[in-house]
Structures are given as C-alpha cells and as structure tokens.
Amino acid sequence: MTHPSPSAPSTTTNTLTPATNSTLPAAAAVAAGNGSTAAAPTATAFKTILETIDPATITYTSTDLEDPVPEISQSHTRRVLDQAAQILRAGQVVGMPTETVYGLASNALDSIAAQRIFKAKNRPQDNPLIVHVSSLKMLRSMLKDNTIPDVYDDLIRAYWPGPLTLLFPRSSLIPNEITCGQATVAVRFPSHPITRALISACDRPLAAPSANSSGKPSPTLASHVMDDLSGKIPMVIDGGQCSFGIESTVVDGLRVPPAILRPGGVTFEQIRQVKGMDKVQVYKKHFTDAAMEQAPTTPGMKYRHYSPEAEVVLVEYIKTEDSPVLNGSVPTGQYGRILKEIEMLKQEGKKRFGILRTSFTTATPSATVAVTTHQNGTTHLQDDREDEGVIEFPLGQGSKPEDVARELFRGLRYLDDQKVDCIFVEGISEEDEGLAVMNRLRKAASRTISLDPTEFL
C-alpha cells in the first residue's frame, strides 16, 4: 500500500462557523477530476483511496470529555488522518470506522457536503443524518444557546463516548440537509479512536450515516464499504471490524416521557437505570407516532433497511423451558422449522439457502459440523447439508445478544455474496441488545414465521 505524503496540520479554532466553499486537496482532486464545492453535487467517478489505520496507535489518556486531545503514536496514522481531514474540509466525503458500523462522513456544517452523502448512498432526502462530535466543547458550539439540556447530564456521564445518540434543539448552524427540516438535531459522541481523532483533525462536527448503499445491510468491515461505494467516494479508512456491529441507540429526552426512537448499542435496560430515565419508552413497543414516522427526527424510523438481495425470512424466537436442538435425529424448534421451509422451497425450484444460526445450546448443530474461516476473516458452518445448497453462518448464541449484534450484518452480507436464494434467520429474545438485533431483523425481513410451542417438542 502506498502511503500518502504528509499534509499540513489543521488549524484549530474555538468557534464553529458554516463552511465556505473550497477546493479538494490534491489526492481527492485527482480522484474526483473536479475539486470545486461551489455547485450542487453531480455524478462523479472516483478512484477511491483505501488506507488502513491501527486503532491502537490512537489513545486518549484523559477521561475528560470537555476537549480531549488524542495521542498518536505512528506517523502513518497521522498522515492518513490529515489526508482524510483535508478531503472533509474541502466538502467531500470519507468512509470511516466507528464502534457501531462504518460511517460515511461529511462536514456537518456544509449543506453541499451533506448532499454528497445522500448522492453517494442514494439515500431518501427525508431521512435525517446523525452528527458526530469529539468533545463537549464542540457540541455546545453547535447547539442552540450553546447549552446542553440538563435532562442529558446523567446519560452523557454514563454512556458517552459510546453508541448513544441524543436529540437536541437545532441551531441555525445546522443545515436543513442534516435534519431534513426538523427542529431537532441528532448528535453522538463516538468512542472509536479513529472516529474521534478524525473529527478532532477536521475541527468540525461530522455527519455520518452508515457507509452503504441505502437499504442494504450496514457495513461492519471496510470491504463492505468498498463493495457498495468504491468509485462513488474519494476515500475509505480501514480500522478493522466494528466492535458492536449495530447502529447507535437514539434517545429523545426532550419528549415527556423520554423515548428510545431506535434501539442500539446502549440497551433499554441500561437507559432506564439512569436518573430521570426510569419512565423511558421504546418506539413501536410502548407507543407509536404516525406523524413522526412520516417526518422522522432520526434515521431508522421510516424506511425498510438492512436488506440484502436475497429474500430474508425471520423465524421468531419463542421462550420455552427446554428448547432442544435435536429430538432424536430430527431438528426441532426454529432450526427444524427452517429445514422444513427449505424443503418446501426446493419444490418450488429454489436451490441455494443460507441460515444465520443463534439456537446453539451446549453442542454444535450437528455431529458433522465444522467451522470454515476465510481469508477475509469470515467464518461459517459447513456440514453435509452444504452439498445440498445450505450454508450456515453462526451469529453466536442467542443468550449472548452482544455477539449476535456484532456478526449480524456481516452474516447477511456473507450469505448474500454466496448468491443464495433465501436467508433464514433464527430470531432471539428482545432482552438487552436483543431488542436492537430484532429491530434490524424485522426491517430486513420480507417474511416472518411465528412458531407454536409444540414445534419445540
């Protein structure tokens, strides 16, 4: 890999102002063939730059969130961050890792840069963007009256930096393209060191939805971003696999009672333990709001998301006192129902199937099963059924929803790459991270199967 030449360090300012039009740095200008941000985005072909950063080369020694400064131990890391920051300051977009999923970042104060996100992703124009900050100082500078609402003090203290997005009153600094005309803006303080350092290098908040083609499974590897957006964006930073694997939790604390508008990395159980959040409700579970769904204040509320090319069939979880994988030699429960469905679909002429597994107990699904690990780090279960056109991918045990969350989008993308006709998914309990997992699966699925308890016998 060719490393970029060192770039000039960014200039730090204390006050955020709306971006002015400028030109791309040399690397991005060459890639784009057009360095101006003076006009609305047009279709542009890029030679997308892919650079790798080891997250361990960026550290934060202080827990102070007011204005933390990263310590960077490798010159290559600094060069890549400076290059990406120049591209972002010039009004372009960059794919970057976060702890949730890979994001497609732009300057959140530049309306034309935000339009480039929508263009690259083919994103619906009424689907708001989440803004990412690297300090509380930066957050205040972009808020109405430069004030953080008191209702968020304890949530911020407990779960920032991290996979938690909060809704704030919008100020005039935030372009309409970010909020889609709403009176609030969604903001997150990420924990991933690359994300934090890149925001600091830009000295601007960054808008960043998932770095995928709109509607497809979110990317948790840089290769996923390249698969979807190579040739459409100037640069992608590879920081390895995302540690959580599902998007952030979105909380609206301005409502009474407070509401979780999208479940994610911080769970309902955790949030309701925070002072002032004991009455928090979950959208679509405890309440609905048709008007908000038509004019969403945050991503993930209105459109079908996370869908691969193959049909996705969700087999719902059902709690039983004893859910054996096998009854003699005949699979039962979710897995048994999936195998029956596959046999019926074979009669209709379908030939290749994928199964995302979560129903393991103390044993593997079959006596002949083996785990195959691929060069890109992907693993899947391989057994005698694979010769019959069935590929199994282990998401982890359903009793450990954090493991299932980490592998979910990677599993969907892997099976889709195998050109299966249909992907079956074993659902899990909605406790803890399971709420976010099932939220994403229900949005991805074109069909859902509910089991009868007798199917576990």
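The values are calculated or read from the model by the stated rules, or taken from the named source; none is laboratory data. Computed from a prediction, not measured in an experiment: that's the story for all the values here. Reconstructed Cβ throughout: ideal geometry from the backbone, glycine too, with neighbour counts over all protein chains shown. Accessible surface is based on the protein model in full, side chains and every heavy atom, while ligands, DNA and RNA are left aside. Shrake-Rupley method; radii C 1.70, N 1.55, O 1.52, S 1.80 Å.
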**Asked** Using 0.36 nm per residue, how much length does the chain from Ala183 to Thr448 gain when fully extended, once their Cα-Cα distance is taken away?
**Response** 91.8 nm
**Prompt:** Would you list Ser73, Ser135, Ser62, Ser200 from the most to the least accessible area, probe 1.4 Å?
**Reply:** Ser73, Ser62, Ser200, Ser135
**Message:** Quick check: with the 1.4 Å probe, what order do Ser213, Ser191, Ser75 take by accessible area, largest first?
**Reply:** Ser75, Ser191, Ser213
**Item:** All lysines inside 24 Å of Lys47 as judged from Cα atoms, apart from same-chain residues fewer than 8 positions distant
**Value:** Lys119, Lys121, Lys216, Lys232
**Fill in**
Quick calc: nm separation of the 7 Å Cα→Cβ label points for Thr63 and Asp278 -> 2.5
